[in-house]
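Single-structure report; data block below.
The values are calculated or read from the model by the stated rules, or taken from the named source; none is laboratory data. What you are looking at is a predicted structure, and each value in this text was computed from that prediction instead of being measured. Using ideal geometry, Cβ is built from the backbone for each residue, glycine included, and neighbour counts are taken over all protein chains shown. Surface accessibility is based on the protein's heavy atoms, side chains included, excluding ligands, DNA and RNA. Shrake-Rupley method; radii C 1.70, N 1.55, O 1.52, S 1.80 Å.
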Amino acid sequence: MKMTDEIIRKVIENEDITVDFQPIYSLNTKKFIGLEALARGHCGDEIISPVFLFEYAKREGISLKLDRICREKAMRAFSTENRGASLFINFETSVLNDVVSGTGSLAKTAEENGISPQNIVIELNESRVRDSYNLMMFVDFYRSKGFLIALDNVSAGLDTINRIMLINPDIIKIDRAIVSQIESNTYNQEVFRSIINTAKQIGAMTVAEGVETVDEVLTCMLMGVDYFQGFYFQKPEQFNYLFTNEARLRLEESARRLNISIKKNPTVENVQIESYKRIIYDLVGRLGCYEGSDYNSELRDYINEHHEIECAFLIDSKGFQITDTVMSPDTEVLEGYHPALMGVNHDIKNYFYAVKEQIEDPFISGWYISNATGRSCKTISSKFYDRKGNMIVACVDLKKQ
């Protein structure tokens with residue numbers, strides 16, 4: 001069928017749009033942590049690419065209308081099928097060139113569909129926005145509501161670091177152009193490492209987009225990426241067709257081959273690991289004896305006894321912070337940074353899921369820039385059980401001496 005403006009106009013007017021989902025997987029847990037919603041137009045049996053839809057909408061000045069239709073469809077489908085993962089939705093960032101940001105439409109749609117903002121990741125492509133101030137207003141507004149922000153299609157180029165620093169995203173999605181054949185492309189490897197290092201510095205999680213081979217998966221994993229998305233594991237499908245046995249088998253095979261690779265290339269063990277373990281084990285041993293109402297004061301006492309600690313906080317089994325971020329009294333918080341508040345969700349953070357899923361306990365991160373203070377820190381975490389048998393994850397940030 002020849003695609004005409006008249007066909008596309010009718011598709012948009014009739015909202016003949018469906019949503020497929022593509023899982024984002026953690027190789028550490030062998031589970032999906034999120035689902036990206038991908039809209040498709042339909043005319044009879046013909047599938048219409050979103051590229052055609054948005055090109056037409058841009059020409060006709062209805063990009064915002066189409067974007068809202070797509071995300072409303074995505075949230076409606078996700079709300080009926082949600083199994084606890086995060087919903088990744090693409091926001092047509094170019095509309096911020098022509099409209100006032102932060103109207104609350106996205107938050108209202110989430111509320112209408114019973115989805116917590118903390119379960120929604122807004123994917124932005126900053127390069128499509130001319131008005132950086134409007135973009136930042138948008139990001140600040142939705143971040144204040146609890147939404148997570150992802151920077152999409154991050155690739156090579158002089159503006160890459162500036163894009164990351166402008167948005168300060170929670171998640172960085174590394175473009176397929178960098179991931180493709182990365183096992184044999186030294187240039188792509190260097191770009192990939194640079195993005196990973198930048199992400200670690202700001203405390204962002206990373207996703208390798210468009211993985212199509214096991215060698216791409218292993219290479220990206222060995223260089224420190226957190227999550228994967230791509231045809232190797234799962235193509236975009238209607239929800240009922242996701243999570244196939246083939247995807248599970250590929251996760252198992254990738255994990256097996258990764259373990260073999262690590263054994264062949266062991267890293268040098270940090271000489272301070274044992275001291276890190278003692279710090280966190282001592283803390284969780286003490287916390288198990290207290291009631292929830294005493295946690296803040298006990299964290300404060302423990303920090304006062306250990307001058308190497310910058311801050312500490314506790315997370316429940318669902319990933320929600322159940323204490324304040326208790327700070328060392330001599331810690332200076334740099335402008336623009338804020339300690340996380342009680343109720344913030346940490347379920348996609350490696351210091352939480354690695355312990356919860358029994359991958360690594362205690363978990364010990366590398367050095368990175370803290371979102372709480374803006375200073376370099378290292379996070380260690382471990383779990384304990386309260387008097388009712390509920391699992392709690394204790395997290396401690398160490399100062400860089």
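The conditions are (1) open to solvent by less than 30 Å² (accessible area, probe 1.4 Å); (2) within 13 Å of the chain's Cα centre (by Cα), and G230 fails exactly one of them. Which is it?
(2)
Please enumerate the residues belonging to region 189-204 that are open to solvent by less than 10 Å² (accessible area, probe 1.4 Å) and at pLDDT 90 or above.
F192, I195
Run down L96, L66 and say which single residue is part of a helix (DSSP H, G or I), modelled with pLDDT under 80 and surrounded by 18 or more Cβ atoms within 10 Å (Cβ to Cβ). Spell out the reasoning first.
Values: L66 fails: modelled with pLDDT under 80.
Going through L96, L66 in turn, the sole match is L96.
Return the pair list, or none, for Cβ contacts closer than 8 Å from residues in region 107-119 that are over 10 Å from G146 (Cβ atoms) and part of a loop (DSSP other than H, G, I, E, B) to residues that are at pLDDT below 90 and open to solvent by less than 70 Å² (accessible area, probe 1.4 Å), at least 6 apart or on different chains.
Every condition considered, the pairs that remain are N113/F78; N113/S79; G114/S79; I115/F78; I115/S79; I115/N82.
Anything in region 343-377 that is open to solvent by 30 Å² or more (accessible area, probe 1.4 Å) and touching a His at 6+ places or on another chain (Cβ under 9 Å)? List them, or say none.
N371
Filter region 1-36 for residues that are assigned to a strand (DSSP E or B) and surrounded by fewer than 19 Cβ atoms within 10 Å (Cβ to Cβ) and give the result.
Answer for region 1-36, where residues must be assigned to a strand (DSSP E or B) and surrounded by fewer than 19 Cβ atoms within 10 Å (Cβ to Cβ): T18, K31.
Please go through region 326-351 and give me each residue that is under 19 Å from K145 (Cα atoms) and among the β-branched types (V, I, T), ordered by number.
V344, I348
Which residues, taken from region 185-212, are assigned to a loop (DSSP other than H, G, I, E, B), in contact (Cβ under 8 Å) with a residue 24 or more places away in the chain and either in contact with a His (Cβ under 6 Å, 6 or more places away or on another chain) or not hydrophobic (A, V, I, L, M, F, W, C) (or both)?
G203, G210, E212
Name the pairs: first residue in region 137-166 and of a type in the set (S, T, N, Q), second residue in a helix (DSSP H, G or I), Cβ to Cβ under 6 Å, at least 6 apart or on different chains?
S155/A177; S155/I178
Just to check your reading of the model, which residue among S79, S49, S86 is open to solvent by less than 60 Å² (accessible area, probe 1.4 Å), within 28 Å of D226 (Cα to Cα) and modelled with pLDDT under 85?
Result: S79 is the single residue among S79, S49, S86 that is open to solvent by less than 60 Å² (accessible area, probe 1.4 Å), within 28 Å of D226 (Cα to Cα) and modelled with pLDDT under 85.
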